[in-house]
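The values are calculated or read from the model by the stated rules, or taken from the named source; none is laboratory data. Everything numeric here is computed off the predicted structure, so don't read it as measured data. When we count neighbours, we look across all protein chains shown, and the Cβ atoms used for this are built from the backbone with ideal geometry, even at glycine.
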Amino acid sequence: MSDERQIVAGAEDTSALIERMAASIWAGRRPGSPFYLVGVRTRGAALAERLAGELSHVGGDTIAVGAVDITLYRDDLGEGLRWPVLRGTDIPFAVDQAEIILVDDVLFTGRTIRAAMNAICDLGRPGRIRLAVLVDRGHRELPIEPEVVGLTLPTDRLDRVRVRLKPLDPSDEIAHVAAEAGRPSPERRPTP
């Protein structure tokens with residue numbers, strides 16, 4: 001059997017979601033404190049850049065954007081057969097006392113966000129961290145919830161959500177890929 005793929009949002013819908021997210025981020029900010037976006041590499045960083053562009057239209061100011069690589073903060077580091085690929089963290093501003101909008105494309109278990117917050121907090125002590133995600137697909141394993149959500153998409157645990165974002169991809173798209181019937185459940189190896 002093959003996977004069943006359903007386009008949930010095309011280019012126009014995805015752009016509209018990003019515009020609404022930017023308006024919500026701006027409305028919830030704390031005036032008077034430094035305000036930055038930090039995207040989780042790879043598509044979270046692209047989304048953060050897109051949101052910064054929208055925020056400059058809403059607020060009239062340029063918003064600084066950083067990117068965080070969570071590879072070395074993952075709780076499953078060393079469980080895979082391949083060496084991790086480091087893409088680098090690039091946060092060109094001081095995080096101390098700043099309001100950080102942590103941005104990712106898809107929120108699933110919450111483990112990626114936990115790792116990203118650890119990476120950011122290693123650079124200083126933010127005044128506030130808010131989470132903005134394009135898609136919330138549920139199935140949390142940690143008590144992490146987004147403040148700004150573009151789309152809530154109910155999924156089965158084995159399903160996948162594919163996000164394509166310009167400029168990384170040729171066009172914007174959000175797709176839901178239903179799990180193949182009979183596909184075995186992924187299992188985590190026990191920690192020694």
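Of note:
- Scanning segment 18-59 for residues that are farther than 30 Å from residue 72 by Cα and buried (at least 19 other Cβ atoms within 10 Å of the Cβ) returns 54, 55.
- For residue 53, the conditions (1) of a type outside the set (D, E, K, R); (2) more than 22 Å from residue 123 (Cβ to Cβ); (3) part of a loop (DSSP other than H, G, I, E, B) are fulfilled apart from (3).
- Taking every residue in segment 92-111 that is at positive phi and pairing it with any residue that is assigned to a loop (DSSP other than H, G, I, E, B) and of a type in the set (Gly, Ala, Ser), at least 6 positions away or on another chain, the pairs with Cβ-Cβ distances below 6 Å are 97/127.
- Filter result for residue 152 (under 24 Å from residue 23 (Cβ atoms), without any contact (Cβ under 8 Å) to a residue 40 or more places away in the chain and more than 10 Å from the chain's Cα centre (by Cα)): yes
- Hey, residue 129 assigned to a helix (DSSP H, G or I) and within 16 Å of residue 48 (Cα to Cα) or not: no
- Among residues of segment 18-50, those that are more than 19 Å from the chain's Cα centre (by Cα) and assigned to a helix (DSSP H, G or I), counted: 1
- For first residues located in segment 1-25 and of a type in the set (S, T, N, Q), partners that are modelled with pLDDT of 95 or more and lie 6+ apart or on another chain with Cβ distances below 7 Å form the pairs 6/175; 6/176; 14/172; 14/173; 14/174; 15/172; 24/148.
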